[in-house]
Amino acid sequence: MRNKLILSVTASLQFLGCSAALDPLDAEDSKVAFAAVHATQQAALEARSTSSDSTAFRTEVAATFDFDFACTGGGTAHLSGSSLVTDELVKADVSTDFASCKATGGGNITIDGSMHYMSSVTDSEVSSAMNGSLSFAGDIHGSCDFDVKTSVTNDEVMSTGSFCGHDAAVTVNF
């Protein structure tokens, strides 16, 4: 459950189109590319979790990780980071370095590059930041640089930064 929360914003940004100066991804390809990124990260984190480390009845759970994941079709993904879960806070910090990683979840997509994702959830705010540079080959071909910060409160949703050459600034007030 916590692993899915760690990566949820990655998947939620799939609707944004990517276009870089030299090697653009169109809107549809960017959805496929970031779905592949999310599926691969999720598979790696699930492969790493163990059922013997029960967190039942704990008031605080903190973890760090640093490991290589053999991508299902070849290549690797190196994941490192930390997570913290308390009664008041859920916090995650994940860095992923892809090296010719053939994505999990169908299709022929190879991922190279690095990304960093941070998120925090409290009673009053959900915030996240994601930055990096990824390139894709195979069924889709292109690259995407991104630096996006998102905040959700009871009063507004705000996103700033850029995603694959597009302005990601959005504010919605309630």
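The values are calculated or read from the model by the stated rules, or taken from the named source; none is laboratory data. Because the structure is a prediction, the values reported are computed rather than measured. Cβ sites come from the backbone with ideal geometry, for glycine too, and all protein chains shown count toward neighbours.
Which condition breaks for Lys149 when tested against (1) at pLDDT below 95; (2) within 14 Å of the chain's Cα centre (by Cα)?
For Lys149, the failing item is (1).
Determine if segment 125-139 includes at least one residue that is farther than 18 Å from Lys31 by Cα and surrounded by fewer than 17 Cβ atoms within 10 Å (Cβ to Cβ).
yes
Within segment 64-85, restricting attention to residues that are small (Gly, Ala, Ser) and modelled with pLDDT of 90 or more, which residue is farthest from the chain's Cα centre (by Cα)? Spell out the reasoning first.
At the first step, the residues of segment 64-85 found to be small (Gly, Ala, Ser) are 70, 73-75, 77, 80-83.
Now restrict to residues that are modelled with pLDDT of 90 or more: 70, 74-75, 77, 80-83.
Working: Ala70: 18, Gly74: 20, Gly75: 18, Ala77: 13, Ser80: 12, Gly81: 12, Ser82: 14, Ser83: 14 Å.
Filtering segment 64-85 for residues that are small (Gly, Ala, Ser) and modelled with pLDDT of 90 or more, the one farthest from the chain's Cα centre (by Cα) comes out as Gly74.
Please find, within segment 145-174, the residue that is nearest to Ser120 (Cα to Cα) out of those that are in a strand (DSSP E or B) and among the charged types (D, E, K, R).
Filtering segment 145-174 down to residues in a strand (DSSP E or B) leaves 145-153, 156-163, 166-167, 170-173.
Cutting the leftovers down to among the charged types (D, E, K, R) gives us 145, 147, 149, 156, 167.
Numbers: Asp145: 23, Asp147: 17, Lys149: 12, Glu156: 16, Asp167: 23 Å.
Among those residues, the one meeting the criterion is Lys149.
Going residue by residue through segment 124-135, is there one that turns out to be closer than 23 Å to Ser159 by Cβ, more than 14 Å from the chain's Cα centre (by Cα), part of a strand (DSSP E or B) and of a type in the set (D, E, K, R)? Write out each step before concluding.
Start the filter on segment 124-135 by keeping residues that are closer than 23 Å to Ser159 by Cβ, which leaves 124-134.
Checking which are more than 14 Å from the chain's Cα centre (by Cα) leaves us with 124-126.
After this cut, where a residue has to be part of a strand (DSSP E or B) as well, the list is 125-126.
Those left that are additionally of a type in the set (D, E, K, R): 125.
Checked against the condition, which is being closer than 23 Å to Ser159 by Cβ, more than 14 Å from the chain's Cα centre (by Cα), part of a strand (DSSP E or B) and of a type in the set (D, E, K, R), segment 124-135 yields at least one hit.
Which residues, counting only those in segment 162-174, are touching a strand residue (DSSP E or B) at 6+ places or on another chain (Cβ under 9 Å) and touching a residue at least 24 places away in the same chain (Cβ under 8 Å)? Show your work before the answer.
At the first step, the residues of segment 162-174 found to be touching a strand residue (DSSP E or B) at 6+ places or on another chain (Cβ under 9 Å) are 162-165, 167-174.
The answer is Phe163, Cys164, Gly165, Ala168.
Could you please find all residues in segment 104-115 being modelled with pLDDT of 95 or more and surrounded by fewer than 16 Cβ atoms within 10 Å (Cβ to Cβ)?
Looking only at segment 104-115, we keep the residues that are modelled with pLDDT of 95 or more, and these are 112-115.
Scanning segment 104-115 gives a single hit, Ser114.
Within segment 86-103, identify whether any single residue is of a type in the set (Val, Ile, Thr), surrounded by 20 or more Cβ atoms within 10 Å (Cβ to Cβ) and part of a strand (DSSP E or B), and answer yes or no. Let's see the steps before the verdict.
Step one: of segment 86-103, the residues of a type in the set (Val, Ile, Thr) are 86, 90, 94, 96.
Filter once more, keeping what is surrounded by 20 or more Cβ atoms within 10 Å (Cβ to Cβ): 94, 96.
Okay, now just the ones that are also part of a strand (DSSP E or B), so 94, 96.
Among the residues of segment 86-103, at least one is of a type in the set (Val, Ile, Thr), surrounded by 20 or more Cβ atoms within 10 Å (Cβ to Cβ) and part of a strand (DSSP E or B), which makes the answer yes.
Return only the number of the condition from (1) over 22 Å from Ala129 (Cα atoms); (2) at pLDDT below 90 that Glu88 does not satisfy.
Going through the list (1) over 22 Å from Ala129 (Cα atoms); (2) at pLDDT below 90, Glu88 breaks only (1).
Considering only residues that are in contact with an Asp or Glu (Cβ under 9 Å, 6 or more places away or on another chain) and without any contact (Cβ under 8 Å) to a residue 24 or more places away in the chain, which ones fall in segment 133-150?
Ser133
Under the condition of being of a type outside the set (S, T, N, Q) and in contact (Cβ under 8 Å) with a residue 40 or more places away in the chain, which residue from segment 106-132 is farthest from Asp167 (Cα to Cα)?
To start, the set of residues in segment 106-132 that are of a type outside the set (S, T, N, Q) comprises 106-107, 109, 111-113, 115-118, 121, 123, 125-126, 129-130, 132.
Next, from what is left, pick out any that are in contact (Cβ under 8 Å) with a residue 40 or more places away in the chain: 107, 109, 111, 115, 117, 121, 130.
Numbers: Gly107: 29, Ile109: 26, Ile111: 23, Met115: 18, Tyr117: 19, Val121: 25, Met130: 14 Å.
Result: Gly107.
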